[in-house]
Each structure stands twice: as C-alpha cells, then as structure tokens.
Amino acid sequence: MKAQYIDVGLAGAKTIQIKKVDQHYLDTPFHFHQSCELVLIETSYGKRIVGDRVDNFEVGDLVLMGPNLPHIWQNDDAFHREKTGLRVKSTVVYFPPDFLLNLTDEQAVLHPVQDLIKRAARGIHFYGNTSRTVADVLMSISEESGFKKIIQFLQVMEILSSSKEYDFLASVSYRNLYDEKDTGRIHKVYQFLIQNFHRDIDLQEVADLCNMTPNAFCRFFKSRTQKSFTRFLNELRIGHSCKLLQDEKYSIADVCFESGYNNMTNFNKFFKTILKTTPSEYRKKLK
C-alpha cells in the first residue's frame, strides 16, 4: 500500500505553521511529509491510522507525529450524510524537526526535546490532563502572531516533553515503506474499509480497488503495511467494538454484529487475540 507524500511548505524553514480546520468532514488522503505534526481534534470522531496502528478518535484527541510517518484521520459515515449538522474542527501545527534544537545549546532543554522528537517517530497519543491543558493553548494559538505565537508553541512543547500521559501508536518495528507510486490505491482501500468494515467484505472487492488478484493484493498489502489484510481488518473492527462497549445500550451481541462479525465465536476469538481479554472483561474494566 502506498501513502502520498505531501509538501506542507516547511522544507528548510525555521518557523511553525498553524492550520485551523472547520469543514463537514476530513478529506486529507493517507500521506506523510518531512515536518513534525501535532493534531488536536476539537469536534469530530471516527478512525485514524498512524503507521501500522488503527484507532478510534474523538473530541480531545491529541497526537504528535515525527517526519515521514504515514497517517490519515477519517470520519465515520454519519459525517458523509447530508443534513446531519455534524462538523469537523481541529487545530494542526506543523514544524521542522530541528526547529526547537536550533533555539538553544542548553542541554537541559535539548535532551527532553530530542527525546520527544525521537519518540514522535512512532506517533504519540497524549491523554488526561496533558491533552486538556495543551488543548486550551492550541485552541487560541492561531489567533496569536510573532513572539506570542512562538511562546505558546514552546509552552506546548514543554508540556509534551515532560508528560507521562501518553501511548505510542506505530509499533516499535514499523518502518515507512511507502513512496508516491499508487497513491490512489491506498486511499481507496482505507476509505473503503473504514466505511464498510461493519458488513461482510469479500477479498475480491478490495483487490478490485487495486486492480489486483486477491493473492497479489494480500502480498502487496502485507509487504507495505507489515501486517496481513485479515489482521488489519480485524483490528479495525475490534477497535470499533471497544467504542461501542462503552455504551451500555448495546449488548455484547449487538456490539458483535455492529462491528462486522456474523457470530459471537469469531468476535470473541479476534477480540481476545488482539486485546488479550474478552469483551465482557473489557466492559467490566470500564466501570
């Protein structure tokens, strides 16, 4: 699978770029670039893929990614329907990986920053008080200019570099094997899966999106994503089931069928394989 390289206009720059998103749904393709990227979701929900990791995202989602790490945020189906009133709002900050390193030679500053950028190579998801505190700063940073903008950005980096409230996203062994060839194919595949994972999916359907035979597609998919197509699809489905399990109005059987499984046996098997626990045990831990 291929991700699109996108030039965000910071090559060789010594500044930061802030983008405010306010639209009906997210439409950026699966891509990567040479800048670091910090994403705050202010209003919206759906699925995100960072490297080889697929997860749900919702309001308050805060992720920092290093250079050349492929990623995409994709809204759930409800955002693509007419007259739902749903809308996406987010703040995205791009900055060169050496931006902070060029500001000072003081080791007490350099070491935490170097460590943060190194960890961001896998993508970092921040949560808890860290996410809430940073969100307050980011939601106003686009209104600032000059020194005030830089000062607020440095404040955010200080919070992130010292935080213990985070999870890594891409696996430790993940490597970006994508290039610009076949950009449309990866975007079509991910869009198709995110929009259709809740029903039976025939492998031929997905292979047809790439004009490949099923066997050729499976080899292609695994060689690029470093996991099998079946594994990826089940991670997508189980991730969605975790979201539904938080809502008591859904029985575990409801969650099973809403997540794309035809029977409880398969649902329980894949849930335990991926999360090392059962759906009922997972729900109990949420209480």
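The values are calculated or read from the model by the stated rules, or taken from the named source; none is laboratory data. Worth saying up front: this structure is predicted, and the values here are computed from it rather than measured. In this analysis, Cβ positions are derived from the backbone assuming ideal geometry, glycine residues included, and neighbour counts consider all displayed protein chains.
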Problem set entry | Within segment 203-223, tally of residues that are within 13 Å of Val189 (Cα to Cα) and charged (D, E, K, R) | 2
Seminar exercise, completed: Checked pairs for segment 51-67, first in contact (Cβ under 8 Å) with a residue 24 or more places away in the chain and assigned by TED's automatic domain parsing to the domain that holds Leu233, second of a type outside the set (D, E, K, R) and surrounded by fewer than 23 Cβ atoms within 10 Å (Cβ to Cβ), C-beta under 6 Å and 6 or more apart or across chains, list as none
Problem set entry | segment 54-87, residues that are farther than 28 Å from Glu158 by Cβ and in contact with an Asp or Glu (Cβ under 8 Å, 6 or more places away or on another chain) | Val54, Arg87
Problem set entry | Residues that are more than 24 Å from the chain's Cα centre (by Cα) and surrounded by 13 or more Cβ atoms within 10 Å (Cβ to Cβ), drawn from segment 268-287 | Asn268, Lys269, Thr278
Problem set entry | Selected residue (only one of Cys242, Cys210 is surrounded by 15 or more Cβ atoms within 10 Å (Cβ to Cβ), outside the structural domain of Thr28 (by TED's automatic domain parsing) and modelled with pLDDT of 95 or more) | Cys242
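Considering Leu203, Leu138, which residue is assigned by TED's automatic domain parsing to the domain that holds Pro97 and either of a type in the set (A, V, I, L, M, F, W, C) or in contact with a strand residue (DSSP E or B) (Cβ under 7 Å, 6 or more places away or on another chain) (or both)?
Answer to the check: Leu138.
Here is a yes/no grid of residues against (1) closer than 23 Å to Glu258 by Cβ; (2) aromatic (Phe, Trp, Tyr):
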residue	(1), (2)
Leu62	no, no
Leu69	no, no
Asn75	yes, no
Ala78	yes, no
Arg81	yes, no
Lys89	no, no
Phe95	no, yes
Leu100	no, no
Problem set entry | Leu110 out of contact with any strand residue (DSSP E or B) (no Cβ under 8 Å at 6 or more places or on another chain) and loosely packed, with under 15 Cβ neighbours inside 10 Å | yes
For this session: Using the structure shown, decide if Ser35 is more than 14 Å from the chain's Cα centre (by Cα) and surrounded by 22 or more Cβ atoms within 10 Å (Cβ to Cβ).
Result: yes
For this session: From the list Ser173, Ser145, pick out the single residue that is among the hydroxyl-bearing types (Ser, Thr, Tyr), closer than 24 Å to Phe99 by Cα and loosely packed, with under 13 Cβ neighbours inside 10 Å.
Result: Ser145
For this session: Go through (1) out of contact with any helix residue (DSSP H, G or I) (no Cβ under 7 Å at 6 or more places or on another chain); (2) outside any helix (DSSP H, G or I) and name the single condition Leu100 misses.
Result: (1)
Exercise. Which ones in segment 118-142 are basic (Lys, Arg) and crowded, with 19+ Cβ neighbours inside 10 Å?
Worked result: Arg122
